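What follows is a short report on a single structure.
What follows draws every value from the coordinates through simple rules; no lab data is involved. Please read all numbers here as calculations on a predicted model, not as lab measurements. So basically every Cβ, Gly included, is an ideal-geometry build from the backbone, and we count neighbours across all protein chains shown.
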Amino acid sequence: MINRNKGFSNLTAGYLFPEIARRRREYAEKHPGSSIISLGIGNTTEPLSPHIAKAMSDYALALATPEGYSGYGDEQGLKALREKIAQVLYAGKVDASEVFISDGAKCDIARIQTLFGRDVKVAVQDPAYPVYVDGSVVVGAAGQMKADGSGYEGIVYMPCVPENNFFPDLSVVPENSIIYFCSPNNPTGAASTKEELTRLVEYARKHGCIIIFDAAYMEFIRNPELPKTIFEIPGAKECAIEINSFSKPAGFTGVRLGWSIVPNELKFADGSSVNKDWNRVMTTLFNGASNIAQAGGLAALDEEGLKEMKAIIDYYLENVKTMGKVLNGQKFKDAGVKVYSTGNSPYLWVYFPGYKSWDIFDKILEECNVVVTPGSGFGPAGEGFVRFSAFGHHKDVEEACKRFENLKL
Ligand SMILES: *Cc1c(COP(=O)(O)O)cnc(C)c1O
């Protein structure tokens, strides 16, 4: 018989979101008729903009004609889309040859692991989006969960907590590590400043590290002082890869379209080009993003598409304000609840003193019939926190906010 991939046996517990779904199902079965509102999984809820949807629909219909048909395209993506991303979103700071179109950011983060293999050292923000760590465990770049449950062997956790303003102490990162860094952050919502990201880039350059910068929430940044991409920081092209996606800004969570930026300047220790190997990964292990989705991506980046994307993000940011008002209310203040929210991300990161994350999760589910996400699922430093997601219809979020009044703290 075939031995099981050791990486899978090393993975502890289920992936966070299936466990949330299980508890929700169990509650619903015990309490039929309860209407549960989900502010849990960061999944978009608002319809696609008509302009973007029409571009995809036109493209799909044209595929049924001899003139409009196309089969496999370039694995790196449509040239026009690569150029448009470089121009519109990076203002020419990156070249089209450095842009690779994909089926989404999570898939790119998984493929990135094949680029660095199992011998690489890995540092992550703690808490963090789960795929950085779980993906590293699967390929063997990380080992088993430590006996005290404080994290996986071989992963360096960089706590991002209120005490350090959610920006980590970088001195814990060993030489020659890859550093996963997400800003605006999922789950904490923290958006790093130019000064902070400059420190990150300088540290990486000095210590031979490569930053995998996850900018999936760049379009939620509303403070013009904050950098939207790592490539706004001088020197980043020698030490960073950016992973990005249409999922959150354009509602493409189901459509599937993302991109990565791998600068031509970025080199491995032997002087070889990271961009060349990434090109190899994308051409060998991936066969190009859907041409229909790419037509949608092009439409999202023209004048009308950009306007409509901004409107959808504004809609979600309204929800952040609505929830922030309630969770900052007297009742919660009296219980010592602390709300961390910058207005530059769709998440509110909320600390409930005296509770474990899963306990407060269960309490909010039972007393409010609202699903949130337990902070401990994102890493040890998330214990005691829960994440409230602003992806939801206004009426659902307003209803959830009313129910928060029922919470007995
Ligand atoms: C949602 C999310 C992604 C996933 O994006 P897809 O393009 O849908 O795969 C990546 N990174 C972070 C931090 C996310 O929250």
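Here's a check for you: in region 50-88, which residue that is in contact (Cβ under 8 Å) with a residue 40 or more places away in the chain and hydroxyl-bearing (Ser, Thr, Tyr) is nearest to THR284 (Cα to Cα)?
TYR72
Where residues in region 242-293 are in contact (Cβ under 8 Å) with a residue 12 or more places away in the chain and of a type in the set (Phe, Trp, Tyr), which of them is farthest from the ligand (Cβ to nearest atom)?
TRP278
Contact list please: Cβ distance under 8 Å, first residue in region 393-404 and within 17 Å of PHE332 (Cα to Cα), second residue exposed (fewer than 14 other Cβ atoms within 10 Å of the Cβ), pairs at least six apart or on different chains.
Close Cβ pairs satisfying both conditions: CYS401/LYS325.
Would you please list the contacts, defined by Cβ atoms under 7 Å and residues six or more apart or on different chains, that run from a residue in region 98-119 that is within 17 Å of ASN287 (Cβ to Cβ) and among the small types (Gly, Ala, Ser) to a residue that is within 14 Å of the ligand (Cβ to nearest atom) and in a loop (DSSP other than H, G, I, E, B)?
SER102/PHE286; SER102/ALA289; GLY104/ARG256; GLY104/LEU257
From (1) away from the ligand (no atom under 11 Å from the Cβ); (2) in contact with a Gly (Cβ under 7 Å, 6 or more places away or on another chain); (3) free of Cβ contacts under 8 Å to residues at least 60 places away in the same chain, pick out the condition that doesn't hold for PRO174.
Here PRO174 meets the rest and fails (2).
Would you say GLU195 is in contact (Cβ under 8 Å) with a residue 24 or more places away in the chain and among the acidic types (Asp, Glu)? Before the answer, list the steps.
Working: in contact (Cβ under 8 Å) with a residue 24 or more places away in the chain: no; among the acidic types (Asp, Glu): yes.
No; evaluated as a whole, the condition is false for this residue.
Among the numbered conditions (1) surrounded by 15 or more Cβ atoms within 10 Å (Cβ to Cβ); (2) free of Cβ contacts under 8 Å to residues at least 12 places away in the same chain, tell me where THR373 comes up short.
If we test THR373 against (1) surrounded by 15 or more Cβ atoms within 10 Å (Cβ to Cβ); (2) free of Cβ contacts under 8 Å to residues at least 12 places away in the same chain, just (2) comes out false.
Can you list residue pairs whose Cβ atoms sit under 7 Å apart, with the first residue in region 303-324 being surrounded by 13 or more Cβ atoms within 10 Å (Cβ to Cβ) and the second being in a helix (DSSP H, G or I) and of a type in the set (D, E, K, R)? Count only pairs 6 or more apart in sequence or on different chains.
Qualifying pairs under 7 Å: MET309/GLU219; ILE313/GLU219; THR322/GLU398.
Kindly indicate whether GLU219 is of a type in the set (Asp, Glu), surrounded by fewer than 23 Cβ atoms within 10 Å (Cβ to Cβ) and away from the ligand (no atom under 14 Å from the Cβ). Give the steps one after another, and end with the answer.
Numbers: of a type in the set (Asp, Glu): yes; surrounded by fewer than 23 Cβ atoms within 10 Å (Cβ to Cβ): yes; away from the ligand (no atom under 14 Å from the Cβ): no.
Spelling it out, it is not the case that GLU219 is of a type in the set (Asp, Glu), surrounded by fewer than 23 Cβ atoms within 10 Å (Cβ to Cβ) and away from the ligand (no atom under 14 Å from the Cβ).
Please work out which residue is surrounded by the most Cβ atoms within 10 Å (Cβ to Cβ), limiting yourself to region 115-136 and to residues that are within 24 Å of PHE252 (Cβ to Cβ) and not aliphatic (A, V, I, L, M).
TYR132
In region 159-180, what count of residues is obtained for those that are of a type outside the set (Ser, Thr, Tyr), within 21 Å of VAL139 (Cα to Cα) and surrounded by 21 or more Cβ atoms within 10 Å (Cβ to Cβ)?
Final tally of qualifying residues: 3.
Filter region 1-49 for residues that are in contact (Cβ under 8 Å) with a residue 12 or more places away in the chain and of a type in the set (D, E, K, R); which is surrounded by the fewest Cβ atoms within 10 Å (Cβ to Cβ)?
Restricting to residues being in contact (Cβ under 8 Å) with a residue 12 or more places away in the chain and of a type in the set (D, E, K, R), the top hit is LYS6.
Restrict the check to region 183-197 and report whether at least one residue is of a type in the set (D, E, K, R) and within 16 Å of the ligand (Cβ to nearest atom).
Pass one, region 183-197, residues of a type in the set (D, E, K, R): 194-196.
This time we only want the ones that are within 16 Å of the ligand (Cβ to nearest atom), so: none.
Checked against the condition, which is being of a type in the set (D, E, K, R) and within 16 Å of the ligand (Cβ to nearest atom), region 183-197 yields no hits at all.
Go through region 75-113 and report how many residues are more than 16 Å from the ligand (Cβ to nearest atom), among the acidic types (Asp, Glu) and over 16 Å from ALA295 (Cβ atoms).
Step one: of region 75-113, the residues more than 16 Å from the ligand (Cβ to nearest atom) are 75-76, 78-80, 82-84, 86-88, 90-98.
Right, trim to among the acidic types (Asp, Glu) and you get 75, 83, 95, 98.
Pick out the ones that are also over 16 Å from ALA295 (Cβ atoms) and you get 75, 95, 98.
Count: 3.
Could you check region 340-357 and list, in sequence order, the residues that are farther than 15 Å from LEU409 by Cα and in contact with a strand residue (DSSP E or B) (Cβ under 9 Å, 6 or more places away or on another chain)?
As a first pass, look at region 340-357 and keep what is farther than 15 Å from LEU409 by Cα: 340-349.
Matches in region 340-357: TYR340, SER341, PRO346, TYR347, LEU348, TRP349.
Filter region 142-157 down to residues that are assigned to a loop (DSSP other than H, G, I, E, B) and touching a helix residue (DSSP H, G or I) at 6+ places or on another chain (Cβ under 7 Å), then give me how many there are. If you could, list the steps in order and put the result at the bottom.
Quick first cut of region 142-157, residues assigned to a loop (DSSP other than H, G, I, E, B) only: 142-144, 146-151, 153-154.
The next check asks that each one be touching a helix residue (DSSP H, G or I) at 6+ places or on another chain (Cβ under 7 Å); those that pass are 142-144, 150-151.
Residues meeting the conditions: 5.
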